[in-house]
Each structure stands twice: as C-alpha cells, then as structure tokens.
Amino acid sequence: MFPWAGFPLLFLLLSCLRNLYLPYGETRMTKQKNRLLIAGVLACVSSIAALGADFLVRTANARVIQERLDSLATEVSGRVLERIGTYEYGLRGARGLVIGSSAAGLTHETFRRYAQSRDIGREFPGSRGFGYIARVPEAEENDFVARARLDGRPGFSIKQLSPHSGERFVILYLEPEDLNKEAIGLDIASERNRRDAAFAAMVSGNVALTGPITLVQASGKAMSGFLMLLPVYREGSRPLTQAERSAGTIGWTYTPIVIDEVLSSLPDASEGYSLSLYDASDAPVAVGEPGPAAGERPPPGIRFFGSRGEASIAALARIYPGVSLTRTLRLPVYSRDWVVEVSATSAFLARLRLIDHRLAAATGAALSILIVASLYLVSQNGRKKKQGRVESERLAALVENSSDAIVSHTRSGIISSWNRSAETMFGYPVSEAVGRDFAETLLPLQRLEEDRERLASAIGGDIVSSYSSVCLHRNGSPVDVSMTMAPIMTADGHMIGIVRTIRNIGEAKSFEAKLIELNNALERQVRERTAALDERNRQLELTGNSFLRIIESSPYALLMVDGGGTIKLVNGIAESIFGYARAELIGRSIETLVPDRFRPGHPGLHGDFMRDPKSRPMGQGRDLFARRKDGSELPIEIGLNPLETPEGLNVIVAVIDISQRKQQENRIQRFSAFQEAVLSYAGFAVIATDADGIITLFNPAAEKMLGYSALEMVGVSDPGKFHDATEVARRADELSAELKRDVAVGFPAFIANVRPGEAEEREWTYIRKDGTRLPVLVKISALLSKRSEIFGYLGMAVDLTERNENSRKLAEYSGHLEELVTERTKELESTQRRLLAQERLQRELRLAAEIQESLLPRAIPRTARYDIALYAKPARFISGDIYDVIVKSDDSVYIFLADISGKGIPAALMTTAARTLFAQGARRDQSPAAILAEIDALLSHDLAASELFMTCLVCRLDYRSGEILYVNAGHTETIVHRPSGRSGAGFVPTGLPVGLGSLAPGMKAAEQSLPLLPGDIVVFYSDGLTEMTDSRDEQFGIDRVKAIVARNADADSQEVMDAILRESKEFGGEKEPDDDTSIIAVRILPSVISEAWSIPFSEMDALVDSLVRPCRAYGQPFSYEFELLATELTSNVFNHAYGMDSEHPSGGTAGAAVEIRTELSLRHDGITLDLRDRGSEFTTPGGIGGRSPSPEDLSEGGYGLSLLSRLSDEIVYERTDDGSNHWHIVKRLKETDA
C-alpha cells in the first residue's frame, strides 16, 4: 500500500552495487545518472508489486467473508428452526392425553400428573409449560366456570385482555401452574394476535404460532413471547375438510415460550456474529441476498430478538469497503414468516484469519527489494567462498605451524587433536596421543586437582587465562609451561570440547634479563604503533564514507551519540524501528528515545558510562525499553561501544527490537506456570530426577504423601530414601537375572528396565518420614532431550491404600456372601471362580435370550390372503420387545407387539407372560379388546410393583369382513400404506400403556377398526426403529419409514422389510442401537373367495351379505353400489332362472332350494364376481347368450338388467356347455370411492 517507504533502502542497495553495474570508464556524473535511473525503475516495480498484492488480498478476503457469512446464516437459521420445532412433540403428547381422557373425563389432577411425568425444563428448554385451552360458546360461559371451580379451583374466573363478544378460548390448564398463575382463565380470543393463531391452527389442523406478544406471566419481556397452539378435535383424528375441522374443534393444547430463553444457549457472540429475528408475516422483505449497510433500509418487520453480540457494521465497513456484512433469510415457522438477520462482528472476521492487505503490500515491496539484494549477494558469494577457503586454510596452517602446542579434548579429557608443536614439546606422535586422557598422559599427580578446578571453569563457559604449570615429557622429564583453556562452542551455543594452548617457558626463566630489554623495546614499538594509529584515525576521517556504509549495512539499529548525549548518526534500521526520519533524530538528545518514566535517571547513567567507557555486549543488564515516535514502547537490547573520534569520545549504540523474543518468553513463562499448576494440584505424586538419580522435582502431592518437604529432597537425595531397601535389593536381583548383567542396588534398580519412549509401571512400597509404610503404583519414564538423549527420569506414584482396602473389604464381603447365597455361590473360593460365575451368568443370559428368541415365530408361511415378514434384534442379551403372529385361517390372523420400559430377565418374563395370554385369547377367538383387558388385569399390578409399564398392540386381520380390529395401549403408530395413492390412517394410541392404568382409570385402550384392502401394506414396529439416532443424534423417525414403504409399494413384505433394515443401517452408521427393534410387515394379497350355496329364496339375504361384507373396506359409495348389484343379480337368478320371487318363494322349477356357486376376486383396484347356477337360461326377446348385453337387450330385459349394467364396469352372461348360467361382473374402484 505504501511502497515508497522502502526508497531509502533501494538507494542504499543501488549504491552498494554501483561497481557491479557501471563500466569502469564512465565519469562520476554518468554513474550518478545511471544509479538514479535504476533506482527509479526499481521504485516503480516496487510500487506496482505492492498495489497488486493489496488488490489481490482484498479480493480474496471479500470472497472468504461472503462465503462464510452465507454458510453461517443458513446454519443459524437451521438452529433456530430446530429449537422451535422441539415444542411440537410436547404439544402432541398433551393432545394425546386430552383425546385419551375425552373432554368429559379430563380433570385438573389428571393433567397435573401428566405434566409432572415430563421433565419440561430438560426436554423443552425455554417453554414456560404446557396447557389446554378450551373452546367455550358464549352462552355456556357460566356453566364452564362452574365446572372449572368444581374441578379443584374454587377461585377460577375468565379474564379478558379486551372486551369482545362471541366464543371464548379459555386457558383451562397450564402446568407448572405456580409459574403461570397470571395466565389461568385468560380468554385468548380477547386479543387479535392470539385469536388469529388459534383460528389458523383450527382450520389447518397443524401447529400455529402467534406473532410476538407480551406474555401475561412474563410482562417484563415485552414483545418477546409467543404461543404455540395445536388443535384438539372431538373425534380425535383430523377431519378432512375445513368446515368439519372448524365444527369439530373442542380446544387446543398449547405452550407459551419466551424467545430469549429459547435461544439462550444458541452460540452468537462467541462465534463472531450478531443475530436478530423479525416477524415479517405482514411486511414483505427481500431475502436471500446480502443485506445493505446499516441505515440504508427500514427493519424487515417486528424485531423480537437481538443477541448480545451487537455488530458495529459501520466501523467494519470502513475496513472492508464494498463487502456486505449482513445476511437476511426468510424462515417460515408454523404459519408465520420470520426473518433471520445475521451480522458479522470483529470477532467473526478475526476467526477467519484473513491476510492483512497492508502486510501484503509491504511484502510485495519487500520482495522487489530482496531481488536487488539477491543480485548483490550473488556477486559477493564467490568472493566470500574464496575468502572462507583461504581463512580455513590459514587457520589450519596457523594451528599446525604454531610454536605453541595446541591440544583439544572432550569434556571428559580424551584428546581429539594434537598439533606438530605438541609432538615436539611432549614427544608423543599424533597417532599415539589422540584418544588418550590428557591429565593421565601429561600431568603429574600434584597438578591433577589444580587442573580439575580450572577445567571445571572452562566447562562452565569461562576462558581460563594463561597460568604457569608443569607437564610431563614422554621420557618422564618435567616441562615448564604456560597454559590457557577455552571452551569450543558450536554456532548454536552448544559446548563440544576444550582447547588448550601450551607454551614451553623453560628457557624464559633463564632469559629474564633479556625480557627487560625486550620490554623496553616493546614500549618503543607501542609508541610507534600509537603514532601509526593516530595516522590511521586521520585516514579513517578522510574515508568516512566507508564508515557510513558499514553503519548502514548493519542488521541492527545503530546510533552514534556524543558525550553530551546528542545523536550524531542514525542508520536506516533505526529509522524503521523508532518511526523517525533520519533528519528528525540527528541533533536531538538521546532522551528522545527513552520512555517518559525512565527519562529522569537516564542522563546520570549516560554520564557514568562516559566517565568509565567500556564495551558492553548485548544481553547484559536489566530489561530496557525504547520510545517510538508515536509514543508506543518496545522492549530492546542495547550494546554500547566507545569510539574515539577527532571531535572527542562518542558511543556507538547498537539496538535490537526483542518484541518477538519477549512474546516467546511470556508464552514460555505462561506454559511453565501452567506446568507448575498442574504439578502443584495433581492428585498423585510427581517426582523427577536427573540422570544420576538426584531428585530435581518433588511436587506438593509427593510432600503430602511422604511427609518430606521439597527442600529436604530436591538436589539432596535420590528416591531410595523413601523406598523399602529390601524390596529394592530384591528388584535389583530380579533385573540382574532378567537382563543378564549386574544391576546395582539403589537407583539403577528403578530405571534399568526403562526404555526411551516407554514407561515401566510397577507396585512399590514407600516409607514415609514418620516410618509408616504406603503401597503405591509407580510409573517411571525417561526424560529425553531434542537429540533423544536421556537427561533424567520422571516418576508418577498413585496411592494404592484405598484400592487395597477396597479389595480387602470385597474379600470380606465375598466371605459373608458365601454364607447367604446359593450352593453354587458357596463354592466360589477365589477371583478365578468369581470370573467363572460371571461367565456362567453370561451364558445363562445368552441362553435366556435364545429361549426368548425361540418363543418368537421365526417365519410365517405365506397364506392365500397374507404375506408376512418378521424381524427382531435386541440391543442387549435380553430384549424388552416381544411379538407373536397367530394364523387362524387363510382369512383371519392375530398380531401382537409389546415393548416394556425395563430390560433384563424380569422385564422379559413380563413380556413372555403377556405373549402367552395373547396366544390363549387368540386361540379362543377373543376380540383384541378382550385380549388386552385380560393382559391388563393379570399383569398391571405386577408391572406397577416393579415400576414398569408395557405398551401393547393387539389386532386381528379379517379378510372376509374386510377390516382390521385393533387396540393400541400406548404403542407406536402403525403404518398403513394403500396403493393407487390412497392413504390409510395408522393405529394411533387409544389408551395408556399396561401398568399405568392407575394414573388415569378412564383412559383404558378402546377397540378401533380400519378397512382392510387387497394390496395394503401394514408395518408394525417398536420405537427402537424410529428412535434410532445417527452420529448427530438425529432420529430416524416415522416419516423415513413411511417413505421407504411408499417406494416399495409393489414389493413383497420381505423386500419391504429388507429396504427398511438397509436404510436404517445406513442412517445409523457404525453406531450401535440403544433400544430393541422389532418389525412385522404384512401385505394384504389379492384373493378369490369361493363358496357353494344351497338355499331357499328366504335366505337370499345371507348370500348377499356374504358377498358384500368383504367389500365394505372399499368405502361406503363402492360397497353400497356393489350391494345393490349383488341384490339385483341374485334376485334375477331366483326370479328368472327358477321362477321365484317374494310373492312365490316356493314356486318355480327348482323347488325350495337353489344351488349357486360364487367366486369373489378382491384386488386393490376393484372386485370381480363370477356367479353360476343351474337354472333356466336367461333370455330376452332378442337373446344374449354368450355375449355382453346390448342396448336392445337392456331395453327388452327389464329394469334389473339395465341396473346391473349401470352399476358395473363390465358384465358378461353365457350359457355353459354343462347347462349352467355364468354371470361375470367387474366393478372397478374409482377415485371418488376412496
């Protein structure tokens, strides 16, 4: 963005490269022009690179913001809708209670007990409760109030928000009532918003939501409340037309909610966005597009929710101009139109970790500068490599040809290098000296202690200056030497050895006189050298430009300050660090760069240094800070070097910005504090040692466990102090035998078997400071350096006292248990036998499961009327589900399915007993209601005593009657799918589960019926199928099952079953089911009912009823027409073929009885009837034998034949070869019949 900020550096680099790019013969002016030209070109390139980088980064940032904000808005809308949808389940449960109790049987106590059975706060967070609103005609208001007062609330009265005439919609129940007293008796029809929502729910049959309102029980939260209402119809099921729904509505179940509480746990500000919700049902709004900037449009509706993290759109818009930071989406919610507005906040943008476009611009400029620098480095690289080789060769030559012996050795004293002078001085060749111990080879015994002290100092990082000593020649003669020692350090500060420089001073003692003379000569040389240095200083003054180049090329910020503290010289790095231009600093006091709080004392410090000027390397002294031009401070390190100039003493100040290093140090300190906190508050002892076993860490838990303080142990003792010595010795012997080497008693016994990257876990005995013993489990691991070298060990010890005590108590309890349990339990003498008993119990459970499974029908043979598939899978050994299918005949099948609330053998015994009672009732041809009543009578008491309940479904499929009779005691809804798009109602619950009858005696399950049609698919299942969840805890749900059945409507029952199992398995993935699953799939097959009759005319109605009864499942219009058709056909047979009628039932040619055979074919799309008799041939004046009647036949055949033709879709009459009359009639099912 600001490429010109690097212009001075470009000029500096160009000046350094001038000799590289300019011919030797050019004049100074030509060189200057060329330098300016190159600088201008590079400046342009730098600017273009910076602007291009800025543009690209801004574009990429805008795209990332838009995509993430779109995704966030969709995600948040889904979360809001999911929260609101939760309450529908509670409304439907309450509606089931109202329908099951019936309007007359519902009481305040029943509703209260139902509400107490639900954990409303956990299941429906944000709901103030669930209630029932009664629809009361205005004329019956007084009677309604009187009944409510008799229902345990003598003070009940109707309250209105505003007077009105017409029906009252009165809140009769609302639990918990203590939190909602203000709402009891409120007529919601007295306020338009509430009344409109009630009407919307009534006519639609679905849940409806009010607009934003102020709840009377939450008046402090204005316009942030809602009512959710679900209609309750007199007949239970939802009527087909709006008129029927309006007439059949008796009330509503409802819940009041406060939106702030509903969305209280919805992440907002923490995820970097601000959420606002509006009700725009009466106000159009443009949605799906990025919202305009703040202040450019009116609100999209009534705002009823705003999250805590409000966005500052205007401030962010200045940072990201042209980028919309708001998304608006329309969200249909139960007959209302909500608008979700999601706005980004600064936290949202921070979480995206966008690239700073200013940094990109600066990087672009820096890259162009680096290109120039690279050219210079390339030109210098060859020269530097050559210089490096020369320096290396020169250094090697110096070492090898030095008159002093130069010897290097490792920290432990093993000689690693040995120059030629060392061979001459001590008589050992290099091949013999390298690898030997320096002290043992060259030092006499009396010098060993002195040498060890000096060597320790060198190993500690100090340079040991020259000192006099004595070494031994190979022949044993002493050699007087002067010796220095220095550590050998790698580039990263790691010491790898010691170098010694040794000079033979034997001859020096005999030449002391000569040294005095040499000293005088040296003084003369010093004076001459001083004069030469003065001359050199003068020359340096003449070549000041070279000095300036050195200053400018420094990687540090450099300033030159005179004795009075005035800044004389500043380089480019100092400009960038402090924010001042060079001209702004030169001539100003150094205190300009000193923070205000340090300025008063700085002149004194400066004066002290000038009085005693010494070089001060960086990194020494206290933490220092500097002040930038903008007033901000930065941590720095300063190096000071005095410099004599013709003008006097100056100071070269080298400054390094250590901000990043300080940040790293702070992070390390925080991490160290975290580690210390973990160690301090750990619930187990943590003890660390160095490689030699000396304790380096002894945490508070260890102090508490052992009674020693950290001061007593750290750096003083090893872990053997608090171990049982006998136990340690025994462990050392074990390891010696195991590892085939001697393991010493003591610390080696703890760590001999510890491998890098692995931990050894073993039980030991600690001995506390007071002498008491403590069993512990110790895990020991090696502490490794970055180079995988072991530098210590870490042990973590857990007190086993409680575990051992529990084991002891368990042993005592087992002893007592042996006296009380069965003979088999008395034989248990050890842990192994207890495990065997557990295994036996597992086998018994498996056996019980096998027995339970054997009681279930494995497969039902396909009958002429039904195709049945079965499936059962327990979640554990013993299933809480049970089912049975009993085929009584081709026409009649009994089905039983139950699910008990508990698991295990007691629950399985209950379900098995229920199955037995079902089987007995089915074999006695009892009705489903009678079978369930017997189950309830015999098992309810035992279930209640065991705090269990059982949902039951008992049904009978009767092909001849064309209906399904069923009772549903709290079981899941059964799916009924009918072909050709005709829907069928499921078996909804008609009463409470078995075992809960005492809660509401009036809610016993009632028997219901459904029509039975060929082609129908009926799926019975337990809630383990629909309540199966995936990895996101989303339920499989009944809608998915219905969709699977619809997609496989033409398949047989096993294929339908396989499709359900396959898709449910894909939905659940690898997650194991939490509940038992049982499924029964039944397909009603097309079939032919054949019957032979020998009856008089007086019993003709029985024949007609036998034909009509299976057809009633096709609906009233169809069955009514078919009854007319059957009656007319049989009448014609009796009248025309046999001469019988109602006036002469005994007349005719056939006597008192008529032989008739019927075949009734039932299909999903209609019925075919074939009727044969051996009466007289049916004729008209024109005759119709062997063909369909013509219009002339109809006119001549009388009213009966004409009626038959109008009522059927196809009619054929023929006289067969055996002398029989054969009528073939087809009647198809029409859309209007469904």
(request) Filter segment 757-770 for residues that are more than 20 Å from E805 (Cβ to Cβ) and not charged (D, E, K, R) and give the result. (result) G757, A759
(request) Can you confirm whether segment 406-421 contains a residue that is part of a helix (DSSP H, G or I), surrounded by fewer than 18 Cβ atoms within 10 Å (Cβ to Cβ) and modelled with pLDDT of 75 or more? (result) yes
(message) If L679 meets every condition in (1) out of contact with any Leu (no Cβ under 8 Å at 6 or more places or on another chain); (2) at pLDDT below 90 apart from one, which number is that one?
(response) (1)
(request) Please report, ordered by residue number, the helices (runs of 4 or more DSSP H) entirely within segment 20-125 with at least 3 residues that are crowded, with 16+ Cβ neighbours inside 10 Å and modelled with pLDDT of 80 or more. (result) 28-85, 87-105, 108-116
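Which residues, taken from segment 921-950, are of a type in the set (D, E) and under 16 Å from G995 (Cβ atoms)?
Start the filter on segment 921-950 by keeping residues that are of a type in the set (D, E), which leaves 925, 934, 936, 942, 947.
Scanning segment 921-950 gives E934, D936, D942, E947.
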(message) For the condition over 25 Å from D884 (Cβ atoms), of a type in the set (S, T, Y), assigned to a strand (DSSP E or B) and in the same structural domain as T1130 (by TED's automatic domain parsing), what is the one hit in S1094, S1098?
(response) S1094
(message) Between R755, R731, which is outside any strand (DSSP E or B) and loosely packed, with under 13 Cβ neighbours inside 10 Å?
(response) R755
(message) For segment 747-770, which positions are on the phi < 0 side of the Ramachandran plot and of a type in the set (G, A, S)?
(response) A749, A752, A759
(request) Can you tell me which residue within segment 942-958, out of those that are over 39 Å from the mean Cα position of the chain (by Cα) and surrounded by fewer than 19 Cβ atoms within 10 Å (Cβ to Cβ), is farthest from F896 (Cα to Cα)? (result) A945
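Quick grid of which residues meet (1) without any contact (Cβ under 8 Å) to a residue 24 or more places away in the chain; (2) surrounded by fewer than 17 Cβ atoms within 10 Å (Cβ to Cβ); (3) not assigned by TED's automatic domain parsing to the domain that holds D282:
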{"residue": "G152", "(1), (2), (3)": "no, yes, yes"}
{"residue": "D178", "(1), (2), (3)": "yes, yes, yes"}
{"residue": "R195", "(1), (2), (3)": "no, no, yes"}
{"residue": "S224", "(1), (2), (3)": "no, no, yes"}
{"residue": "T241", "(1), (2), (3)": "yes, yes, yes"}
(message) Return the residues of segment 133-156 that are more than 16 Å from E167 (Cβ to Cβ) and in contact with a helix residue (DSSP H, G or I) (Cβ under 7 Å, 6 or more places away or on another chain); say none if nothing qualifies.
(response) D151, G152, R153, F156
(message) So if I check each of G497, G493, which one is assigned to a loop (DSSP other than H, G, I, E, B) and out of contact with any helix residue (DSSP H, G or I) (no Cβ under 7 Å at 6 or more places or on another chain)?
(response) G493
(message) What's the total number of residues in segment 959-969 that are buried (at least 21 other Cβ atoms within 10 Å of the Cβ) and either at pLDDT 85 or above or not assigned by TED's automatic domain parsing to the domain that holds I886 (or both)?
(response) 5
(request) Go through segment 1005-1020 and count every residue that is aliphatic (A, V, I, L, M), assigned to a loop (DSSP other than H, G, I, E, B) and in contact with a Phe, Trp or Tyr (Cβ under 8 Å, 6 or more places away or on another chain). (result) 2
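Do the conditions hold for E727, that is, is it among the charged types (D, E, K, R), free of Cβ contacts under 8 Å to residues at least 24 places away in the same chain and out of contact with any Cys (no Cβ under 7 Å at 6 or more places or on another chain)?
The answer is no for E727.
Okay, residues lined up against (1) modelled with pLDDT of 90 or more; (2) within 25 Å of Y89 (Cα to Cα); (3) within 45 Å of the chain's Cα centre (by Cα); (4) surrounded by 17 or more Cβ atoms within 10 Å (Cβ to Cβ):
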{"site": "S157", "(1), (2), (3), (4)": "yes, no, no, no"}
{"site": "S162", "(1), (2), (3), (4)": "yes, no, no, no"}
{"site": "A198", "(1), (2), (3), (4)": "yes, yes, yes, yes"}
{"site": "I213", "(1), (2), (3), (4)": "yes, yes, yes, yes"}
{"site": "A218", "(1), (2), (3), (4)": "no, yes, yes, yes"}
(request) Just give me the residues in segment 468-504 being among the hydrophobic types (A, V, I, L, M, F, W, C), over 18 Å from I415 (Cβ atoms) and either within 60 Å of the chain's Cα centre (by Cα) or modelled with pLDDT under 85 (or both), in sequence order. (result) M489, A491
(message) Which pairs turn up if I take residues in segment 926-941 that are surrounded by fewer than 20 Cβ atoms within 10 Å (Cβ to Cβ) and look for partners that are modelled with pLDDT under 90 and among the β-branched types (V, I, T) with beta carbon separation below 9 Å, at least 6 apart in sequence or on another chain?
(response) S940/V994
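The values are calculated or read from the model by the stated rules, or taken from the named source; none is laboratory data. On a predicted model such as this, the values are computed, not experimentally measured, just so you know. In this analysis, Cβ positions are derived from the backbone assuming ideal geometry, glycine residues included, and neighbour counts consider all displayed protein chains.
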